[in-house]
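Every number in this text was worked out from the coordinates using simple rules, so none of it is lab data. Just so it is clear, the structure is predicted and the values come from calculations on it, not from any experiment. Heads up, the Cβs are rebuilt from the backbone with ideal geometry, glycines too, and the neighbour counts pull from every protein chain shown.
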Amino acid sequence: MHFTGLKSVGESWQQAAQYLDNNVGGTACLVAAMERASVQRLVFSSSATVYGQPDAVPISESAPLRTTNSYGRSKLLCEDILRELQMADSRWQVALLRYFNPVGAHTSGLIGEKPTGVPNNLMPYITQVAAGQHPFLRVFGDDYPTVDGTGVRDYIHVMDLAKGHLAALHYLEREGKGIAVNLGTGSGVSVLQLAAAFTQATGIAIAHQILARRQGDVASCYAATDLALNALAWRAQLSIEAMCADAWRWEQSVRNL
Ligand code: UFG
């Protein structure tokens, strides 16, 4: 896939500029505001997208950093800014948290994310199929070198992710230095496996059709989790069924709002 540095073929310059403005510009503004307030400790939401097309899975934090789209590029630029800031000024301590695929919602069904328009991501699309908003799940490719040919990802419950942030904050306080660390479960789950887990958790069948691969998708992406366990004393605990049940509860609450 072509990637010119800031945007990939198929992305608009407007979209690339929006990611740069929001993520990179926003991070630079935040750092300046934190400096003014004499606050130099930051937990940053980075993404597994900074690993681009991985050479091997599970992906460890020492894997090469590279990106395949403007979103990834913007996250990597933020990481670069924050890494250089720490090298230049020892008062700064930053935890770069590389999220894998956050899904689910607060178990109360009261806090979650409501995507605008048709969701790009798999879990919200599945919950909308379950709610009858789409006739079937569009599976983007079944010819990847994976367990069943569909894309494999490391889905992590947002509540586990939240606990990972607390663990990172404690690390910064305890160690007095920054860290770049994966937040994932370490388990790869395919598109069809996630749809099956959703049915298992909710009793609702998810019809699907196989479509062509989506441009820019990687076959398989899941985390090495030993650094998170050793450094943060954190590991993800919630199951794929819990992620599905909570995502579905949230979808139903949103519909009743
Ligand atoms: N997929 C489908 N149908 C859909 C949506 C997704 O088959 O309707 C497939 C994709 O092809 C992929 C898997 O489901 O194999 C997961 O796709 P997502 O869009 O949910 O997640 P991605 O891993 O592609 O991307 C996500 C975030 C990015 C982030 C990246 C980090 O959306 O912002 O994880 O690795 F950068």
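Using a simple charge model, +1 on the beta-carbon of Lys and Arg, -1 on the beta-carbon of Asp and Glu, nothing else, what dipole does the chain show about its Cα centre, in debye to the nearest 20?
In total the dipole reaches around 360 debye.
Would you compute, from DSSP H runs of 4+ residues alone, the mean residue ellipticity of the chain at 222 nm, taking -39500 (n - 2.57) per run and dividing by the full residue count, rounded to the nearest 500?
-11500 deg cm²/dmol
Within a Cβ distance under 11 Å of residue 213, other residues only, what is the Lys/Arg minus Asp/Glu net charge?
Charge balance near residue 213 sits at -2.
Comparing 247, 32, 167, which has the greatest mean-square fluctuation in the GNM of the chain with Cα pairs linked when under 10 Å apart?
32
How high is the relative contact order of the range 34-159? Use alpha-carbon pairs under 8 Å, at least six apart in sequence, and give a whole percent.
24
Starting at the first residue of the range 213-224, write each ³J(HN,Hα) from the Karplus equation 6.51 cos²θ - 1.76 cosθ + 1.60 with θ = phi - 60°, in whole Hz, x for Gly and Pro.
Per residue, the Karplus-derived 3J(HN,Hα) values read 4, 8, 4, x, 6, 9, 5, 9, 8, 8, 8, 7 Hz.
Give me the distance in nm between label points sitting 7 Å out from Cα along the Cα-to-Cβ direction at residue 134 and residue 66, one decimal.
So the label points at residue 134 and residue 66 sit 3.0 nm apart.
Please list, ordered by chain and number, the residues whose modelled amide H lies under 5 Å from the amide H of residue 223; skip anything fewer than 5 residues away on the same chain.
Here 59, 185, 186, 187 satisfy the definition.
Modelled label-to-label distance, residue 108 and residue 84, 7 Å Cα→beta-carbon offset: nm?
Using points 7 Å along Cα→Cβ, the separation is 4.2 nm.
Could you give the length gained by full extension between residue 35 and residue 256, i.e. 0.36 nm per residue of separation minus their alpha carbon distance, to one decimal place?
Net length gain for the segment: 75.2 nm.
Along the positive direction of the dipole of the range 1-104 (beta-carbon charges: Lys, Arg +1; Asp, Glu -1; about the Cα centre), which of 49, 63, 93 reaches farthest?
Positive-end residue among those listed: 93.
In terms of modelled amide H atoms, which long-range or inter-chain residues lie less than 5 Å from the amide H of residue 103?
156, 157, 158
Given Cα pairs under 8 Å that are at least 6 residues apart, what percent is the relative contact order of the chain?
24
If you wrap the chain's Cα atoms in a convex hull and average its projection over all directions, what's the area in nm²?
In nm², the orientation-averaged hull projection of the chain is 14.5.
Counting residues in the range 55-98 as N, plug N into 2.2 N^0.38 Å and put the Cα Rg over that result.
Cα-based Rg divided by the globular estimate yields 1.31.
Cut-off is 10 Å between beta-carbons; in what order do 159, 243 appear when sorted fewest neighbours first?
Listed from fewest to most nearby Cβ atoms, that is 159, 243.
For Cα pairs less than 8 Å apart in space and 6+ apart in sequence, what is the mean separation divided by the residue count of the range 130-257, i.e. the relative contact order in percent?
About 39 percent, as a whole number.
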